[in-house]
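The structure under discussion appears below in the form of structure tokens.
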Amino acid sequence: MPWPAYFCVDIETAGPVPGLYDMISLGAVPVLPGGRRPRVVEDATFYVEVRPTAPRFDERTVPIHGLTRAHLEAHGTSLADAMDRLTAFVEARTPAGHTPVFVGHNAPFDWSFVAWSYHALGRPNPFGYKALDTKALAMGVLGLPWLDSHKEALAERLDLPEVETDRVHRADYDAWYQAHILAGLLEAKGLGHR
């Protein structure tokens, strides 16, 4: 049986659903098994900004992530390039005998944009059709109600780094922080040894 190689993925978007709105930035950080606590691969962070092409762009999202349409049109890469780069990042950092696993904090949202992007481009999704949600995992591991599975509540129960508020909602930073959430939850459940 292959071991998982977890990839914590975070995205920022121009709206609530793929197809009508774009994924405009994407970050990923690997978490590999090892010792008592899974290892966040601190020196392997992926980040890309994506040029918008969808029919809608909700300007109310800009104060959240700080990425304007003008900035993305001037500096963003194509969606095809972004997804090819993510695939190469995942393949290069998945050890032999391991299977890459998509992990998100509210994975249904992030995974929907990533999966839609691969399918829209006709490219294989290196994560397949499954994703691990750290909010749901926190419910089971820590016995939290759904509405209490947010990052602030997890910071009170897990050994997490202090939040750098000026970096929140940048996809690579959020992926890195979520990697620490995953490592803490797996350690709390005793799953860090593989």
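The values are calculated or read from the model by the stated rules, or taken from the named source; none is laboratory data. Just so you know, these numbers come straight off a predicted model, no measurement behind them. As a convention, Cβ positions derive from the backbone with ideal geometry for all residues, glycine included, and neighbour counts pool all protein chains shown.
The set of residues in the stretch 49-70 being farther than 25 Å from A138 by Cβ and in contact with a strand residue (DSSP E or B) (Cβ under 8 Å, 6 or more places away or on another chain) consists of E49, V50, R51, P52, A54, R56, F57, D58, T61, L67.
Looking for something of a type in the set (D, E, K, R) and closer than 24 Å to L20 by Cα - is there at least one such residue anywhere in the stretch 149-165? No - not one qualifying residue is present in the stretch 149-165.
For the stretch 47-58, the condition of being crowded, with 21+ Cβ neighbours inside 10 Å and either within 30 Å of G190 (Cβ to Cβ) or of a type in the set (V, I, T) (or both) holds for at least one residue. For the stretch 157-172, the criterion of being among the acidic types (D, E), assigned to a helix (DSSP H, G or I), within 14 Å of the chain's Cα centre (by Cα) and under 19 Å from A44 (Cα atoms) is satisfied by at least one residue. Scanning the stretch 122-147 for residues being in a helix (DSSP H, G or I) and surrounded by 14 or more Cβ atoms within 10 Å (Cβ to Cβ) gives a total of 8.
Return a yes/no flag: does the stretch 84-98 have any residue that is closer than 20 Å to G27 by Cβ, in contact with an Asp or Glu (Cβ under 9 Å, 6 or more places away or on another chain) and among the β-branched types (V, I, T).
Among the residues of the stretch 84-98, not one is closer than 20 Å to G27 by Cβ, in contact with an Asp or Glu (Cβ under 9 Å, 6 or more places away or on another chain) and among the β-branched types (V, I, T), which makes the answer no.
For first residues located in the stretch 123-143 and free of Cβ contacts under 8 Å to residues at least 12 places away in the same chain, partners that are surrounded by fewer than 17 Cβ atoms within 10 Å (Cβ to Cβ) and of a type in the set (A, V, I, L, M) and lie 6+ apart or on another chain with Cβ distances below 6 Å do not occur. Of all residues in the stretch 16-44, exactly one satisfies the criterion of being surrounded by 18 or more Cβ atoms within 10 Å (Cβ to Cβ), in a loop (DSSP other than H, G, I, E, B) and modelled with pLDDT of 95 or more, namely D22.
Inside the stretch 82-113, residues that are outside any helix (DSSP H, G or I) and among the small types (G, A, S) make up a count of 3.
The residues of the stretch 1-15 include none that are part of a loop (DSSP other than H, G, I, E, B) and within 11 Å of the chain's Cα centre (by Cα). Within the stretch 114-137, the residues that satisfy the criterion of being out of contact with any helix residue (DSSP H, G or I) (no Cβ under 6 Å at 6 or more places or on another chain) and under 15 Å from L186 (Cα atoms) are L132, K135, A136.
Residues that are in contact with a helix residue (DSSP H, G or I) (Cβ under 7 Å, 6 or more places away or on another chain) and part of a loop (DSSP other than H, G, I, E, B) occur in the stretch 67-81; there is at least one.
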